[in-house]
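Step one of this worksheet: look at the structure below.
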Amino acid sequence: MKKYRVGIIGCGAIFPMHAVPVANSEYTELVAVCDIKENRAKYAAEKFNVKFYLDYKEMIEKENLDAIHICLPHYLHAPVTIYAAQKKLHVLTEKPMATNVADALAMIKACEENGVVLGVIFQNRYNPGALFIKKTLMSGELGKVYSAKMSVTWDRSDEYYSNSDWKGTWDKEGGGVIIDQAIHTLDLMQWFIGSEAEFVDANIANRMHEKIEVEDSAEGVIKFKNGVHGSFFTINYYTENSPVEIEMHCENGHVKYVDGLATITFNDGRVFTVGPNPNETFSYNGGKSYWGVSHVKQINDHYARLTRGERPQITGYEGLVTQKIVNAIYDSGKQRKRIYF
């Protein structure tokens with residue numbers, strides 16, 4: 001079986017979550033890594049015994065790659081994706097797929113025009129608890145979904161931002177707590193609800209950070225076309241990373257998702273709980289513990305599907321759904337009005 005020759009662009013904090021799965025998958029071979037910071041690129045290359053580059057275009061030109069992974073600042077996702085697509089390479093990018101909807105659409109167009117596949121990392125959809133909730137909702141056993149709510153209350157200090165040359169800025173990060181910390185939970189909530197959004201009504205503010213342009217708090221409501229309204233409360237000035245939460249009120253019961261642990265309580269008294277498998281472990285040689293083991297699941301599944309000639313489960317179009325919601329939250333908060341889709 002032919003293995004996909006993969007290069008990873010960006011050797012920062014999220015890099016191990018891509019490099020280790022790619023290096024260990026039966027479907028892929030990690031060929032090269034790239035970063036504009038030589039010490040970072042060299043360290044990553046030595047760790048995985050591959051070549052390193054300081055220019056991603058040079059890496060693409062020299063290494064006969066089949067695919068790239070993008071682990072770069074948000075504003076670079078679009079131009080790098082478009083360049084790689086024009087070179088006939090498949091692309092798997094970290095979230096968010098872009099900083100704005102126009103760039104996200106341009107990424108999709110470039111990949112389609114060049115016959116390559118665009119995937120977006122939303123690895124939490126592969127968590128056992130999230131899959132259990134989605135399956136139960138789709139079975140119809142819970143009946144109609146009435147409403148949903150989610151909360152993300154995490155800690156991102158001023159030092160977190162000052163140690164970065166791109167975070168905390170509108171032009172490079174594209175936002176704050178919504179596009180960076182809360183996006184995974186927003187993605188899960190809209191995925192559970194399974195309907196296009198009708199409108200967003202939101203407030204955003206920077207309440208506790210002195211060194212950033214973007215929001216550190218956001219709250220509001222997303223009205224979906226199936227009648228469900230999902231409310232959200234997100235901050236990144238709490239003093240610890242509290243468990244993320246999603247709750248759903250349904251016709252035949254209630255759904256609760258807390259840091260990967262799913263509990264479905266039916267009105268007839270039945271209770272089902274599904275959480276992370278304690279026997280499921282994977283050493284990424286770095287990364288944050290709450291990122292879990294699902295990067296390896298999504299990356300392996302992504303290439304397994306490509307090998308079978310199938311589309312990935314989370315394509316650019318899937319990423320676009322959440323991108324539109326994120327940008328509508330920002331438009332609503334900035335313009336102080338309801339944004340319709």
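Nothing in this text is a laboratory measurement; each read-out follows from the coordinates by a stated rule. Please read these numbers as outputs of a predicted model, since none were measured by experiment. Using ideal geometry, Cβ is built from the backbone for each residue, glycine included, and neighbour counts are taken over all protein chains shown.
What number, in percent, do you get for the relative contact order of the range 4-123 if the mean sequence gap of Cα pairs under 8 Å and at least 6 apart is divided by its residue count? Intermediate results must be reported in sequence, preceding the final value.
Values: 228 pairs, mean separation 27.3, N = 120.
Relative contact order of the range 4-123: 23 percent.
Among 93, 263, what is the fewest-to-most ranking by other Cβ atoms within 10 Å? Intermediate results must be reported in sequence, preceding the final value.
Working: 93 28, 263 18.
With the sparsest Cβ surroundings first, the list reads 263, 93.
Taking the number of other C-beta atoms within 10 Å as the exposure measure, put 165, 103 in order starting with the fewest.
Numbers: 165 9, 103 21.
Going from sparsest to densest Cβ surroundings: 165, 103.
Sum up the charges of everything whose Cβ sits under 14 Å from the Cβ of residue 43, counting Lys and Arg as +1 and Asp and Glu as -1, but leave residue 43 out.
Numbers: positive: 37, 40, 42, 47, 51; negative: 35, 38, 46.
Residues near residue 43 contribute +2 overall.
Using 0.36 nm per residue of separation minus the Cα-Cα distance, give me the extension gain between residue 254 and residue 231 in nm, one decimal. Walk me through the intermediate numbers first.
Details: separation 23, 0.36 × 23 = 8.28 nm, distance 1.57 nm.
Roughly 6.7 nm would be gained on extension.
Excluding residue 190 itself, calculate the net charge of residues whose Cβ lies under 15 Å from the Cβ of residue 190, where each Lys or Arg counts +1 and each Asp or Glu counts -1. Working shown, then result.
Values: positive: 95, 125, 134, 149, 223, 225, 324; negative: 187, 196, 198, 247, 318.
Net charge in that neighbourhood comes out at +2.
What residue among 234, 205, 267 has its Cα farthest toward the positive end of the dipole of the chain, where the charges are +1 on Lys, Arg and -1 on Asp, Glu, each on the Cβ?
Going by the charge dipole, the pick is 267.
Taking only Cα atoms, what is the 0 to 90° angle, nearest 10, from helix 38-48's long axis to the longest principal axis of the chain?
Between the helix axis and the principal axis of the chain, the angle is about 90 degrees.
Compute the helix-to-body angle for 316-335: its Cα long axis versus the longest principal axis of the chain, expressed 0 to 90° and rounded to tens.
It works out to around 60 degrees.
Under 26 Å from the Cα of residue 134, which lysines turn up, not counting those fewer than eight places away in the same chain?
Cross-link targets: 95, 144, 149, 223, 225, 256, 288, 297, 324.
In nm, to one decimal, how far is the modelled label at residue 240 from the one at residue 203, with both set 7 Å along Cα→Cβ?
Those two pseudo-labels are separated by 2.8 nm.
Using +1 on the beta carbon of Lys and Arg, -1 on that of Asp and Glu, and nothing else charged, what's the dipole of the range 4-123 about the Cα centre, debye to 20?
Numbers: 12 positive and 14 negative charges, 31 e Å.
It works out to roughly 140 debye.
Starting from 0.36 nm per residue, how many nanometres of slack lie between residue 134 and residue 49 once their C-alpha separation is accounted for? Intermediate results must be reported in sequence, preceding the final value.
Working: separation 85, 0.36 × 85 = 30.60 nm, distance 3.95 nm.
Using 0.36 nm per residue and subtracting the Cα-Cα distance, I get 26.6 nm.
Where the only charges are on Cβ atoms (+1 Lys, Arg; -1 Asp, Glu), what is the dipole of the chain about its Cα centre, to the nearest 20 debye?
660 debye
Could you calculate, for the range 1-93, the ratio of the Cα radius of gyration to the Kirkwood radius, expressed as Rg to Rh?
Details: Rg = 11.8 Å, Rh = 12.8 Å.
Over the Cα atoms of the range 1-93, Rg/Rh equals 0.92.
If you wrap a convex hull around the C-alpha atoms of the chain and split its volume per residue, what is the figure in Å³? Don't skip to the answer; put the middle values down first.
On the way: hull volume 46.0 nm³, N = 341.
Given the Cα convex hull of the chain, per-residue volume reads 135 Å³.
If you restrict to DSSP beta bridges whose two residues both lie in the chain, what percentage is antiparallel, to the nearest 5?
Working: 41 of 68 bridges.
In the chain, DSSP labels about 60 percent of beta bridges as antiparallel.
DSSP loop (so not H, G, I, E, B), at most 14 other Cβ within 10 Å: list which chymotrypsin sites (Phe, Trp or Tyr not before Pro) in the range 185-263 pass both filters. Present the calculation step by step, with values, prior to reporting the outcome.
Numbers: sites: 191, 192, 199, 224, 232, 233, 237, 238, 257; in loops: 238.
Answer by residue number: 238.
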